[in-house]
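Chemist: Here it is, the structure in full.
Rule-based calculations on the coordinates, nothing more; no lab input. Just so we're clear, the structure is a prediction, and the values are computed from it rather than from any experiment. Please note: Cβ atoms are built from the backbone with ideal geometry, for glycine as well, and neighbour counts cover all protein chains shown.
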Amino acid sequence: MPKAAVLAAMFLWACILVSVPDLRAGQKELIEKKVKELIELNKIVVEKNVDLKKYDKQTVFIKARLQQVSDNEYNVKVEEVSVDGIKDDGRKDENAIVIKAKVSEKADRTFHLDLENVLPPEKKESGGKEKENTK
Amino acid sequence: MRIAAAIFLGFAFACGLAAQDQQASPAAKKLNSINCAKVLAERNIVETVYGVKIRFTEEVNNILEGSFQGNVETKTGKRTIKGIEFEPVKYDPAKDIAQATATLKLSNIADIVDKDKFNIAKFPDKVIRRTAFATSSPDKAAKIAAIRAAEIDAYKNLYKKIGGFTLESNTKVENFVLKSESVKASVIGALMGAEFVGFSWEGEGDDAIATVKLRINAKELSEMIGEKLIDFDKEFIEAEGQGAQKVSAAPKRKNEDGKQAVKTDVIEGNINITP
């Protein structure tokens, strides 16, 4: 391989590494969770409100108004379905379908409001953990 | 979320970094943290009384790859407020974190609030209480900022319950199966009357996620503004938000003694000023 090609490849890799955002595990987890939630919401809106047969092999644009009823329930009101794109004319569809959708379950948590719990627990050393387990 | 976290991390740094960089004494760090916590608690009171403006978009551009872009912005306008009092401030010298709780009796602002819009005379004894934490230490600031980011996320989620939000998608249907391409959720609105219930952490250390719970007393707020908020049968509307810690900047190089190397423009040495 020519030297220039090797250098170009190295430069490209360096560019990619610099451009990749440095995310913490917690941030990645939240982003993954949000992506999953949005995809799930979209699936609910589309599958329950759009005639998939009618739009087969087409790209369909959907605009819906959602209201979160509880942590895992939404009221969905589809405002527009189109193959041309969503027009922003502010009109309201009075005959819109309203459904209730279950999105996700949430575990109960204990909430605090004090100095003692303001920082998260320290990360335990994995070596120390193993040591404790072997005792 | 990342932008919000960055903004508040920046604010927390602004509160504390100057003192840190100048190797502030423990007393100066304590004062700095306490004063910051008080200011933040006051801001929280303003957010509850006058409301907070929220603008958010969450977008997945390529669903198969899961590329995500989320933005939440909050703003509190310039507001006049008076009569805020503080409960005794707590300070943890080991962690360098201050906790301030501000209180405001609604009757104290009766003369500066638009009485046509807000019937606060109905609640003469109502006291608003908001708590805030602050630090002068950069290593803790990311964690405090994650709590604030979670609080902003909770504001947004609370609004989604009260005002709803818009979902727009661009979806390809192939053989009657969804091949979604992009989906975007958005909100622009203002929310007032939110109370802070508390926070919790999931996970450990720098990867831990903060969760904040906020609530609105729907019954009380409805009576105050004279209209029904939403078709909601319970007294409180609650919502949770989550925030992650921002990756902090690379630590400063340490010198051979293990102490932080501080860059100064001062040339160190003996100066003989005697004749």
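Chemist: Under a crude label model (7 Å from the Cα following the beta-carbon direction), how far is residue A:51 from residue B:110 in nanometres?
Modeler: Using points 7 Å along Cα→Cβ, the separation is 6.3 nm.
Chemist: Please compute the net charge surrounding residue B:187, taking Lys and Arg as +1 and Asp and Glu as -1 over other residues with Cβ under 9 Å from its Cβ.
Modeler: Charge balance near residue B:187 sits at +3.
Chemist: Report, please, the projected area of the stretch B:142-204 averaged over directions, based on the convex hull of its C-alpha atoms, in nm².
Modeler: 7.1 nm²
Chemist: Is the shape of the stretch B:133-177 best called rounded, prolate or oblate, per the rule: a/c under 1.5 gives rounded, else a/b larger than b/c gives prolate, else oblate, with a ≥ b ≥ c the square roots of the Cα gyration tensor eigenvalues?
Modeler: The shape class here is oblate.
Chemist: Now a separate question. Holding the Cα-Cα limit at 19 Å, pick out from B:29/B:90; A:36/B:75; A:34/A:77 the pairs that are longer than that.
Modeler: In this structure, A:36/B:75; A:34/A:77 exceed 19 Å between Cα atoms.
Chemist: Under 5 Å between amide H atoms, partner at least 5 residues away or on a different chain: which partners does residue B:181 have, H built in plane at 1.01 Å?
Modeler: The answer is B:170, B:171, B:172.
Chemist: In whole Hz and in residue order, list the ³J(HN,Hα) couplings for the stretch B:91-102 that follow from phi through the Karplus curve 6.51 cos²θ - 1.76 cosθ + 1.60, θ = phi - 60°; x for Gly and Pro.
Modeler: Karplus values, whole Hz, x for Gly and Pro: 9, 9, x, 5, 9, 6, 10, 10, 10, 10, 10, 9.
Chemist: Take the cross-link list B:105/B:160; A:28/B:184; B:30/B:143; B:78/B:117; B:38/B:117 and give me the ones stretching past 24 Å between alpha-carbons.
Modeler: B:105/B:160; B:38/B:117
Chemist: Need one word for the stretch B:76-225: rounded, prolate or oblate. Basis is the Cα gyration tensor (sqrt eigenvalues a ≥ b ≥ c); a/c below 1.5 gives rounded, then a/b vs b/c decides.
Modeler: oblate
Chemist: Something else about it: When each pair of different Cα atoms in the stretch B:35-131 is counted once in the 1/r mean, what is the Kirkwood radius in angstroms, to one decimal?
Modeler: Computed over Cα pairs of the stretch B:35-131, the Kirkwood hydrodynamic radius comes out at 16.1 Å.
Chemist: Long-range amide H contacts for residue A:112: which residues qualify at under 5 Å (H placed 1.01 Å from N, peptide plane, sequence gap of 5 or more or a different chain)?
Modeler: Excluding prolines and chain starts, which carry no amide H, the hits are B:199, B:200.
Chemist: While we're here: What ³J(HN,Hα) values, in whole Hz, does the Karplus curve 6.51 cos²θ - 1.76 cosθ + 1.60 give for the stretch B:223-230 when θ = phi - 60°, with x put for Gly and Pro?
Modeler: Once rounded to whole Hz, the list reads 5, 6, 8, x, 8, 6, 5, 9.
Chemist: Another question, if that's okay. Which whole-Hz couplings ³J(HN,Hα) result when phi for each residue of the stretch B:125-136 is put into the Karplus expression 6.51 cos²θ - 1.76 cosθ + 1.60, θ = phi - 60°, listed in order with x for Gly and Pro?
Modeler: Here the 3J(HN,Hα) series is 9, 5, 10, 9, 10, 10, 10, 9, 10, 8, 9, 9 Hz.
Chemist: If amide hydrogens are placed 1.01 Å from N in the peptide plane, which non-local residues have theirs closer than 5 Å to the one on residue B:190?
Modeler: B:54
Chemist: Nearest 0.05, what FRET efficiency do residue B:31 and residue B:222 give at R0 = 30 Å with Cβ-Cβ as r?
Modeler: 0.10
Chemist: Counting pairwise Cα distances across the stretch B:36-90, what percent come out greater than 18 angstrom?
Modeler: 54 percent
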